[in-house]
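Trainee: Here you go, one structure.
The values are calculated or read from the model by the stated rules, or taken from the named source; none is laboratory data. Quick caveat: nothing in here was measured; it's all calculated off a predicted structure. Reconstructed Cβ throughout: ideal geometry from the backbone, glycine too, with neighbour counts over all protein chains shown. All accessible areas refer to the heavy atoms of the entire protein, side chains included, with ligands and DNA or RNA removed. Shrake-Rupley method; radii C 1.70, N 1.55, O 1.52, S 1.80 Å.
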Amino acid sequence: MEQAQTRLELFYTQVVTFVTLYGGRVLLAILTLIVGLWAIGWITRILATTMTKRHVDRDVQPFLLSLVNGLLRVLLLLSIASTLGVQTTSFVAIIGAAGLAVGLALQGSLSNFAGGVLILIFKPFRVGDLITAQGFTGNVEAIRIFDTTLVTLDNKTIILPNGSLSTAAITNISTKGVIRVDQVYTVGSQNDLDATKVSIQKVIAACPYALQDREHDVLIAKLGANSRDYDVRVWTKSDTYWDTYYYMLEHIARQFGKDGIEAPKPKMFITNEE
């Protein structure tokens, strides 16, 4: 009984000593954590409001907010460690060593991160642009730090890593706002040349997507033994490219039927050998 009482008194003495030595630091650290998290949230909200008022690019805003939030949390962690009496120099060295190890293990992710930063800074494309990259064509749905999301014309979601995206060729179809639809139509050589041109021009004039303030081309591209190829070039807005493309295909087929423009007829040569 006396031994148990002695142990209890020893434990009580140790608790009192710990509270006396470290209680104030622990309470201050907890208070610092609570106030620090509140301050980080407040600063982040103020920054978001300021960027919105100053019309900062919406693609850059999430990156800047997450970057500032992360840096402030690291500073808060260092401050709490200092309050508890931890040597911050050693703490920073540990974080640096851990960061180096993680960086070596995640070289691909760091490459994608750097690519995302380059895309956000130099803006080869923006959210909503129609682009062709890495063999895919689609509208940019989101630009994130590590990857970019495209929605293809058949409504598939393609996720492209920013590392390769920032160093490869990109075709931005939406940059100029206007694009040319190039098509080739083959008709028989028995059709009147001018009549064929007029038939195609009728469709271009009636196309609701063709820009009527632009000059569209109907050119003879190739003369065959029994056929002619016509290059048809129609200017339209970038976001109506495919509407124009399929409109021209369907309505030229209909117009050729109305105007009696015929397809090439195969020719057969028969030689009489005796």
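Trainee: Leaving ligands, DNA and RNA out of it, work out the accessible area of Leu47 with a 1.4 Å probe and give it in Å² to the nearest 10.
Mentor: In the full protein context, Leu47 sits at about 50 Å².
Trainee: Now, a different point. Return the sequence-ordered ³J(HN,Hα) values of region 156-166 in whole Hz as given by the Karplus equation 6.51 cos²θ - 1.76 cosθ + 1.60 applied to θ = phi - 60°, using x for Gly and Pro.
Mentor: With coefficients 6.51, -1.76 and 1.60, one gets 9, 9, 10, 10, 10, x, 5, x, 6, 5, 7 Hz.
Trainee: Assuming R0 = 51 Å, what is the FRET efficiency of Ile43 and Leu249, from their Cβ-Cβ distance, to the nearest 0.05?
Mentor: Details: r = 56 Å, r/R0 = 1.10.
Taking R0 as 51 Å, the efficiency between Ile43 and Leu249 is 0.35.
Trainee: How much length is gained if the chain between Leu27 and Thr137 is pulled fully straight, taking 0.36 nm per residue apart and subtracting their Cα-Cα distance, in nm to one decimal?
Mentor: Gain on stretching Leu27 to Thr137: 33.9 nm.
Trainee: Assigning unit charges at the beta carbon (Lys, Arg +1; Asp, Glu -1) and nothing else, what dipole magnitude in debye, to the nearest 20, does region 125-274 show about its Cα centre?
Mentor: About 300 debye.
Trainee: How would Trp242, Trp235, Trp38 line up by accessible area, probe 1.4 Å, largest first?
Mentor: Trp38, Trp242, Trp235
Trainee: Also: Amide H neighbours of Ile173 under 5 Å, counting only residues 5+ apart in sequence or on other chains, H built in-plane at 1.01 Å?
Mentor: Under 5 Å from the amide H of Ile173: Leu130, Ile131, Thr132.
Trainee: Can you give me the Rg/Rh ratio for region 139-274, using Cα atoms for both radii and the Kirkwood formula for Rh?
Mentor: Working: Rg = 20.9 Å, Rh = 17.9 Å.
Ratio of gyration radius to Kirkwood radius: 1.16.
Trainee: Provide the per-residue ³J(HN,Hα) series for region 71-76, in order, calculated from phi with Karplus coefficients 6.51, -1.76, 1.60 and θ = phi - 60°, each as a whole number of Hz, with x at glycine and proline positions.
Mentor: 5, 5, 5, 5, 4, 5
Trainee: Please grab the % of Cα pairs in region 128-211 that end up more than 16 Å from each other.
Mentor: 65 percent
Trainee: When the chain is fully extended, how far beyond the present Cα-Cα distance does Leu75 get from Ala169, taking 0.36 nm per residue of separation?
Mentor: Working: separation 94, 0.36 × 94 = 33.84 nm, distance 3.94 nm.
Result: 29.9 nm gained on full extension.
Trainee: Same structure again: Using +1 at the C-beta of Lys and Arg and -1 at the C-beta of Asp and Glu, which of Ser164, Leu193, Ile204 has the Cα lying farthest in the positive direction of the dipole of region 143-274?
Mentor: Of Ser164, Leu193, Ile204, it is Ser164.
Trainee: At a Förster distance of 41 Å, what's the computed FRET efficiency of Thr152 paired with Leu211, Cβ-Cβ distance as r, to 0.05?
Mentor: For Thr152 and Leu211, the calculated efficiency is 0.95.
Trainee: Report, by chain and number, residues whose modeled amide H sits under 5 Å from the one on Thr148, excluding near sequence neighbours (fewer than 5 apart, same chain).
Mentor: Here the answer is Leu160, Asn162, since their amide H atoms fall under 5 Å of that of Thr148.
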